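Participant: Got a structure here, written out as structure tokens. Questions coming.
What follows draws every value from the coordinates through simple rules; no lab data is involved. Quantities reported herein were computed from a predicted structural model and do not represent experimental measurements. Cβ placement follows ideal geometry from the backbone for every residue including glycine, while neighbour counts extend to all protein chains displayed.
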């Protein structure tokens, strides 16, 4: 399973997130995935990610931040929050082709 801004990968029954999103272009990002038929909600704000679960059974996942990884269990009705830092981009930010730059209005 892969989803979201970087990836939320299923690693042998354990979901893992690795955010590769540029922090400057957004204030909040939310999405849901369905590991094991349950709905795992992920709400990301700069510096914080919150996991919550709609379902009946707990979901195990790995929260990755920087080069560290923390194993978490998210239970229905018990949101879990953790901090995160953005991953340094491997490539420069892409630019528009010549003559295709957006027009800025004052």
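Participant: In region 84-94, is there at least one residue being in contact with a strand residue (DSSP E or B) (Cβ under 8 Å, 6 or more places away or on another chain), in a strand (DSSP E or B) and either without any contact (Cβ under 8 Å) to a residue 40 or more places away in the chain or surrounded by 10 or more Cβ atoms within 10 Å (Cβ to Cβ) (or both)?
Facilitator: Filtering region 84-94 for residues in contact with a strand residue (DSSP E or B) (Cβ under 8 Å, 6 or more places away or on another chain) gives 84-85.
Subset that is in a strand (DSSP E or B): none.
No, that holds for no residue.
Participant: Moving to a separate point now. Of the residues in region 74-106, how many are under 16 Å from the mean Cα position of the chain (by Cα) and within 19 Å of residue 37 (Cα to Cα)? Reasoning before the result, please.
Facilitator: Of region 74-106, the ones under 16 Å from the mean Cα position of the chain (by Cα) are 74, 79-89.
Subsequent filtering for residues that are within 19 Å of residue 37 (Cα to Cα) retains 74, 79.
Of the residues in that region, 2 qualify.
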